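Worksheet: one structure, shown below.
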Amino acid sequence: MEFAELCRKRRSVRRFSSTALDERDLSLVLETAMTAPSAGNLQAYRIVLVRDPGALRRLAEAAMGQLFIAQAPVAAVFLALPAVSARRYGERGERLFALQDATIACAYAMLAAEEAGLSTVWVGSFDDAAVASIAGAEAGEVPVAILPVGYAAEHPRLTPRKPLGEMVRGL
């Protein structure tokens, strides 16, 4: 599939089937995430896979009741490691670069999932402390995104996008 077509085809899915994931597909998603650009190639993030149904329910509750998270067979929690970036880049690395590293890795995972025939939705609204606890985050690891991954049980329509001229200056 051409990259632009893949990006246009991707949808945020909030209803997942109960079909178990093919572990090769999940490995491809994770391996692709790890190819994402990273400030200084520090890869200042971690990915925690949550599969336990009880933990998925707690994660959904911590995400302001977004219960669809618990429908997915797995949810990847992306954690930023600000201290890792700070060692090389100081305050800007701590404040921004680790967050960017985790964000870009999550975006790559979303696109790799789409290419593998899986579906995802980016979840950014959650209680940081609760998600960190559920994910077993170590001190200094900051939750950035939750990415439920599974097979779609719905096919959302394309959501409209703003015109290019409204989003880009200088055209």
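Readers should treat all values here as calculations from the given coordinates under stated rules, not as data from a laboratory. Owing to the predicted nature of the structure, the values given are computational and were not obtained by experimental measurement. Counting neighbours? That spans all protein chains shown, and the Cβs are built from the backbone with ideal geometry, glycine included.
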Any hit, the range 143-153, residues being more than 16 Å from the chain's Cα centre (by Cα) and under 21 Å from R14 (Cα atoms): yes
Test set (1) of a type in the set (A, V, I, L, M); (2) farther than 14 Å from R46 by Cβ; (3) under 9 Å from the mean Cα position of the chain (by Cα) - M167 fails condition number: (3)
Which condition breaks for L21 when tested against (1) closer than 30 Å to A86 by Cβ; (2) over 14 Å from the mean Cα position of the chain (by Cα); (3) part of a loop (DSSP other than H, G, I, E, B)? (1)
The range 1-18, subset closer than 15 Å to I69 by Cα and outside any loop (DSSP other than H, G, I, E, B), residue farthest from the chain's Cα centre (by Cα): F16
Checklist (1) surrounded by 24 or more Cβ atoms within 10 Å (Cβ to Cβ); (2) among the β-branched types (V, I, T); (3) within 18 Å of A36 (Cβ to Cβ) applied to I69, failing item: (3)
Can you work out which of the residues in the range 35-57 that are assigned to a loop (DSSP other than H, G, I, E, B) and surrounded by 14 or more Cβ atoms within 10 Å (Cβ to Cβ) is nearest to the chain's Cα centre (by Cα)? A36
Expected single match for within 23 Å of G136 (Cβ to Cβ), of a type outside the set (G, A, S) and not in a helix (DSSP H, G or I) among F68, F78 is F78
Quick one: in the range 23-67, of everything that is touching a strand residue (DSSP E or B) at 6+ places or on another chain (Cβ under 9 Å) and among the hydroxyl-bearing types (S, T, Y), which residue is nearest to V77 (Cα to Cα)? Y45
Just for the range 109-142: of the residues that are free of Cβ contacts under 8 Å to residues at least 40 places away in the same chain and in a loop (DSSP other than H, G, I, E, B), which one is nearest to D22 (Cα to Cα)? G124
Scope the range 125-152; condition within 13 Å of I69 (Cα to Cα) and surrounded by 13 or more Cβ atoms within 10 Å (Cβ to Cβ); matching residues: F126, V131, A145, I146, L147, P148, V149, G150, Y151, A152
Criterion (of a type in the set (S, T, N, Q) and within 23 Å of V29 (Cα to Cα)) met by exactly one of S133, S125: S125
Condition check: in contact with a helix residue (DSSP H, G or I) (Cβ under 8 Å, 6 or more places away or on another chain), basic (K, R), closer than 27 Å to P37 by Cβ and not in a loop (DSSP other than H, G, I, E, B). Does R88 satisfy that? yes
